[in-house]
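**Q** Shown below is the structure under consideration.
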Amino acid sequence: MKSVSYMDTMSMIGALCVCFLLLLPLSLKAQESEHKHEPNPEIELTPAQQLTAGIESQALALSKGKTLLMAPAEVVSNDLTTELVSVAVASQVKSRYVSLGEEVAPQQKLATLYSYEVAKAQIRYRLAEDEWQRVTLLQGEAVSDKEFLLGKAERQAAASQLREYGFSEKDIEKTRLKAPHLLGLYSVYAQIGGSILAEELTIGRRFFSGDVIAKVSNEEQVWVAARFPQNTDLTILKNASIRIKLEDKTFTAQLLQTGHSIDPITRTAIVQLVVDNPSHDLHAGMFVMSEFAVTSTKPQLLIPKDAVSQNSDGDWQVFIESKPNHFFAKEVGVNMDYGDKVAITGIRIGEKIVTQGVFFLNAQAKKSSFDVHNH
């Protein structure tokens, strides 16, 4: 009997191990390929099951996207027709002539204020005016050209200071004739006509330089700020027909600008609208509803948003009815969101897709996939 040495046995075992290791990747690759290329399992449902799950389907056709997007909105002041009346110097309210909500005309007097700095400026102007009258009268005789120019410059500087404090040309002219005990008193005016939206004109109230004492706005045209979720594609709003609704009243609006930043508090994108408001039905601070009738510029494959779901890989998919009572999932691309509808690619015109009952089919697909991989 032929003997087998220990070294021969070890050589045979080593050879077998090498063969196993060489074949193992091929086996794993074959299994991986088998699972990877395995088609989506087809789901078969009886008519009774479809009725219970509420499954409905329709054939795909090209159409223009028409949808109505709605967003909560707030009426805000039109910056182009709004004035913030402020004081340029520390002052105190002595008299008031308007109240909150009152309509005012351009150049209408709002209040009379007192300021020590204004009193000094008025005295400076009076002295400069007197000097100007003197050098004008004596120019060429007892007054040199330099004195004449200095007198003129000082008068202009004193008048300019009063203008900075809000004086009109008429008020500046009256300064020369003002009684001494009235120095320091001056009036503030509305530069535009409109409604008093805010005022701080309590008698005796003191203000610092730059404080706003009243807000006047012409509300014949107002702005409306509509708020959309931060992930909304706002480009679809550019050709939209827009309406604003307040209870039983409807207003036509125009797109002013779409938001390029997100509100850090509400995490919403703001779309600015402009609305004609001749009857003054809309007022700043009101909450309204905005409606955007959006139409796509070219025909697309549009399906209800509920017909699209995500598969286990996170890709978008729809369910195709391949033949009566048979369904399978197919990946698609989502191009544009129209609110209740989306435009998709990766599918042929005429294919029948499921529009209702997608949640039920998703559950059945996961169950079928589990059964296939665990038989």
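**Q** Is it the case that some residue within the stretch 171-186 is closer than 20 Å to SER209 by Cα, among the hydroxyl-bearing types (Ser, Thr, Tyr), modelled with pLDDT of 90 or more and surrounded by 13 or more Cβ atoms within 10 Å (Cβ to Cβ)?
**A** Checked the stretch 171-186: at least one residue is closer than 20 Å to SER209 by Cα, among the hydroxyl-bearing types (Ser, Thr, Tyr), modelled with pLDDT of 90 or more and surrounded by 13 or more Cβ atoms within 10 Å (Cβ to Cβ).
**Q** Out of all the residues in the stretch 121-130, which are surrounded by 14 or more Cβ atoms within 10 Å (Cβ to Cβ) and free of Cβ contacts under 8 Å to residues at least 60 places away in the same chain? Before the answer, list the steps.
**A** Taking the stretch 121-130 first, the residues surrounded by 14 or more Cβ atoms within 10 Å (Cβ to Cβ) are 121-126, 128-129.
Within the stretch 121-130, ALA121, ARG124, TYR125, ARG126, ALA128, GLU129 meet the criteria.
**Q** Filter the stretch 310-354 for residues that are of a type in the set (Ser, Thr, Tyr), farther than 20 Å from SER368 by Cβ and either surrounded by 13 or more Cβ atoms within 10 Å (Cβ to Cβ) or not assigned by TED's automatic domain parsing to the domain that holds SER368 (or both) and give the result.
**A** Start the filter on the stretch 310-354 by keeping residues that are of a type in the set (Ser, Thr, Tyr), which leaves 312, 322, 338, 345.
With the extra rule that they be farther than 20 Å from SER368 by Cβ, the set shrinks to 338, 345.
Scanning the stretch 310-354 gives a single hit, TYR338.
**Q** Continuing with the same structure: Take THR202 and decide whether it is farther than 30 Å from VAL89 by Cα and either among the β-branched types (Val, Ile, Thr) or buried (at least 18 other Cβ atoms within 10 Å of the Cβ) (or both).
**A** On the way: farther than 30 Å from VAL89 by Cα: no; either among the β-branched types (Val, Ile, Thr) or buried (at least 18 other Cβ atoms within 10 Å of the Cβ) (or both): yes.
Against the criterion (farther than 30 Å from VAL89 by Cα and either among the β-branched types (Val, Ile, Thr) or buried (at least 18 other Cβ atoms within 10 Å of the Cβ) (or both)), THR202 does not qualify.
**Q** Please give the strands (runs of 3 or more DSSP E) falling wholly within the stretch 249-351 in which 3 or more residues are in contact (Cβ under 8 Å) with a residue 40 or more places away in the chain and closer than 24 Å to GLU44 by Cβ. Give the derivation first.
**A** Numbers: elements: 249-257, 268-276, 287-295, 300-304, 316-323, 326-331, 333-337, 341-345.
The strands (runs of 3 or more DSSP E) meeting that bar are 316-323, 326-331.
**Q** Test each condition in (1) among the hydrophobic types (A, V, I, L, M, F, W, C); (2) in contact with a His (Cβ under 8 Å, 6 or more places away or on another chain); (3) modelled with pLDDT under 75 for CYS17 and report the one that comes out false.
**A** (2) is the only condition that CYS17 fails.
**Q** Considering only residues that are surrounded by fewer than 19 Cβ atoms within 10 Å (Cβ to Cβ) and closer than 30 Å to TYR116 by Cβ, which ones fall in the stretch 208-235? Step through it out loud before you land on a result.
**A** From the stretch 208-235, those surrounded by fewer than 19 Cβ atoms within 10 Å (Cβ to Cβ) are 208-212, 220-221, 229-231, 233-235; that's our starting set.
Of everything in the stretch 208-235, those that are surrounded by fewer than 19 Cβ atoms within 10 Å (Cβ to Cβ) and closer than 30 Å to TYR116 by Cβ turn out to be PHE208, SER209, GLY210, ASP211, VAL212.
**Q** Can you name every residue in the stretch 131-174 that is β-branched (Val, Ile, Thr) and either touching a residue at least 24 places away in the same chain (Cβ under 8 Å) or part of a helix (DSSP H, G or I) (or both)? Please lay out each step first, then the result.
**A** To start, the set of residues in the stretch 131-174 that are β-branched (Val, Ile, Thr) comprises 135-136, 143, 172.
Answer for the stretch 131-174, where residues must be β-branched (Val, Ile, Thr) and either touching a residue at least 24 places away in the same chain (Cβ under 8 Å) or part of a helix (DSSP H, G or I) (or both): VAL135, THR136, ILE172.
**Q** Hey, among the residues in the stretch 280-312 that are out of contact with any helix residue (DSSP H, G or I) (no Cβ under 7 Å at 6 or more places or on another chain), closer than 25 Å to GLU56 by Cα and not polar (S, T, N, Q), which one's modelled with the highest pLDDT?
**A** VAL308
**Q** Right, another one. Of the conditions (1) among the charged types (D, E, K, R); (2) over 21 Å from ALA90 (Cβ atoms); (3) assigned to a loop (DSSP other than H, G, I, E, B), LYS178 fails just one. Which one is it?
**A** (2)
**Q** Name the pairs whose Cβ atoms lie under 6 Å apart, with the first residue in the stretch 200-224 and closer than 24 Å to GLU74 by Cα and assigned by TED's automatic domain parsing to the domain that holds ASN277, the second basic (Lys, Arg) and not in a loop (DSSP other than H, G, I, E, B), and 6 or more positions between them or separate chains?
**A** Note: no pairs meet the criteria.
The values are calculated or read from the model by the stated rules, or taken from the named source; none is laboratory data. Just so it is clear, the model here is predicted, and its values are computed rather than measured. Cβ: placed from backbone, ideal geometry, glycine included. Neighbour counts: every protein chain shown.
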